[in-house]
1. May I ask you to say which residue of T116, T180, T130 is among the β-branched types (V, I, T) and crowded, with 23+ Cβ neighbours inside 10 Å?
2. For region 132-141, state whether one or more residues are aromatic (F, W, Y), part of a helix (DSSP H, G or I) and either more than 17 Å from T180 (Cβ to Cβ) or modelled with pLDDT of 95 or more (or both).
3. Kindly check whether there is at least one residue in region 82-95 that is among the hydroxyl-bearing types (S, T, Y), at pLDDT 95 or above and more than 30 Å from P212 (Cβ to Cβ).
4. With respect to E151, is the statement that it is surrounded by 21 or more Cβ atoms within 10 Å (Cβ to Cβ), assigned to a helix (DSSP H, G or I) and not aromatic (F, W, Y) true?
5. Which of the residues spanning region 216-232 are assigned to a loop (DSSP other than H, G, I, E, B) and in contact with a helix residue (DSSP H, G or I) (Cβ under 7 Å, 6 or more places away or on another chain)?
6. Sort out which residues of region 227-243 are near the ligand (Cβ under 10 Å from one of its atoms) and under 24 Å from the mean Cα position of the chain (by Cα), and write them in order of number.
Amino acid sequence: MAAADQIAPVRAALLAWYDAEARTLPWRTPPGVDVRPDPYRVWLSEVMLQQTTTAHAAPYFAAFTARWPTVADLAAAEDADVMAAWAGLGYYARARNMLKGARSVASDHGGVFPDTEAGLLALPGIGPYTAAAVASIAFGRAANVVDGNVERVMARLFAVETPLPAARPELRRLAALFVTGERPGDRPDERHGDWAQALMDLGAVVCRPKSPTCGRCPVAFACRALATGEPARYPLKTKKADRPRRRGLAWVMRDAAGRVALARRPDRGLLGGMLGLPTSDWSDAPDDAPPVAADWREAGAIEHVFTHFSLTLDVRAAVIGDLAGVAADDVVWTPVEEALSALPTVFRKALERGLG
Ligand code: SF4
């Protein structure tokens, strides 16, 4: 079976499936409704959904759009408020880039998002994927929206034998066939936003990474991977080297009023600009000198996996009787409940361990 010959039938079948089965998502306009979604909401959802599930992102999306209903509202927000509201979504560089993008839309574009892929890509903090997704979904542009889900679907439809990441250009080229057709000017139809979202839905609910439910798949008739009998073998992957492991110490300092000492992390680097617990360096041999003299208790350790390394944090806890020893410039004394809801996951886990 040559899936390249079946661009139009695959496209028609997937769009028909999307018309019937589209997921209901808070940032989405259902198929068949002749209203374009708000670009701000599309953009915000796409930024949140990178590396995050829809179920995890949905409450954050609701909270952000309730608190900052327009891009101008978000642009005017305090950095620290946005970073605190982002806590738990991970990949904090995205939140910083999101703010840069919002501020550029507000100040350079009168609060109106550019309506082309190139215009969106020119905004600070917006990468090729987000620009394509917003151009396609919010503005109906013929943009090639390719994320990990789309790569997987293309690798399977065409049984691509080149492993990732080397296969990326080929997978992108194959995905483009469905957007622009096989020849210049050969556009199958104009439902570009629906096509992008239909592919996302297919990858999320049917053509899943480990266990594709091919019996329910609207494009099974054209799928070469299914024909091999081992669809989940695709996409092939180059074996990754193991993640390096680092260690560190986290210091849980509480005062008599039940507050905990948090420290603002440097703007640059991992979790930059976020509030966290005071910690040592994270390395093979971290410095274990406590920030102040106190009766420190060993509270166990937590594990956390970042993109490029795994971290074991040994947690030490103490009640600080004499606050004079803790420089006020270095820490922010914060009620424990507030700290638990505002901290990035790695520090929330360490704080919970230190309180236990
Ligand atoms: Fe994915 Fe199976 Fe559908 Fe092929 S038939 S696209 S492997 S769900």
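The values are calculated or read from the model by the stated rules, or taken from the named source; none is laboratory data. Because the structure is a prediction, the values reported are computed rather than measured. Using ideal geometry, Cβ is built from the backbone for each residue, glycine included, and neighbour counts are taken over all protein chains shown.
1. On the way: T116 fails: crowded, with 23+ Cβ neighbours inside 10 Å; T180 fails: crowded, with 23+ Cβ neighbours inside 10 Å.
Going through T116, T180, T130 in turn, just one is among the β-branched types (V, I, T) and crowded, with 23+ Cβ neighbours inside 10 Å: T130.
2. Let us first name the residues in region 132-141 that are aromatic (F, W, Y), namely 139.
The next check asks that each one be part of a helix (DSSP H, G or I); those that pass are 139.
Now narrow it down to the ones that are either more than 17 Å from T180 (Cβ to Cβ) or modelled with pLDDT of 95 or more (or both): none.
The answer is no, given that none of the residues of region 132-141 is aromatic (F, W, Y), part of a helix (DSSP H, G or I) and either more than 17 Å from T180 (Cβ to Cβ) or modelled with pLDDT of 95 or more (or both).
3. Residues of region 82-95 among the hydroxyl-bearing types (S, T, Y): 91-92.
Subsequent filtering for residues that are at pLDDT 95 or above retains none.
No.
4. Values: surrounded by 21 or more Cβ atoms within 10 Å (Cβ to Cβ): yes; assigned to a helix (DSSP H, G or I): yes; not aromatic (F, W, Y): yes.
Against the criterion (surrounded by 21 or more Cβ atoms within 10 Å (Cβ to Cβ), assigned to a helix (DSSP H, G or I) and not aromatic (F, W, Y)), E151 qualifies.
5. Initial filter on region 216-232 (assigned to a loop (DSSP other than H, G, I, E, B)): 217-219, 223, 229-230.
Correct list: C217, P218, V219, C223.
6. Hits for region 227-243 are A232, Y234.
For (1) assigned to a helix (DSSP H, G or I); (2) free of Cβ contacts under 8 Å to residues at least 24 places away in the same chain; (3) surrounded by fewer than 17 Cβ atoms within 10 Å (Cβ to Cβ), each residue gets a yes or a no:
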| residue | (1), (2), (3) |
| --- | --- |
| G111 | no, no, yes |
| V145 | no, no, no |
| T162 | no, no, yes |
| A175 | yes, no, no |
| W195 | yes, no, no |
| M200 | yes, no, no |
| V205 | yes, no, yes |
| R208 | no, yes, yes |
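Conditions tested, residue by residue: (1) away from the ligand (no atom under 16 Å from the Cβ); (2) modelled with pLDDT under 90; (3) surrounded by 13 or more Cβ atoms within 10 Å (Cβ to Cβ).
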site: R246; (1), (2), (3): yes, no, yes
site: W251; (1), (2), (3): yes, no, yes
site: L271; (1), (2), (3): yes, yes, yes
site: A299; (1), (2), (3): yes, no, yes
site: E303; (1), (2), (3): yes, no, no
site: A317; (1), (2), (3): yes, no, yes
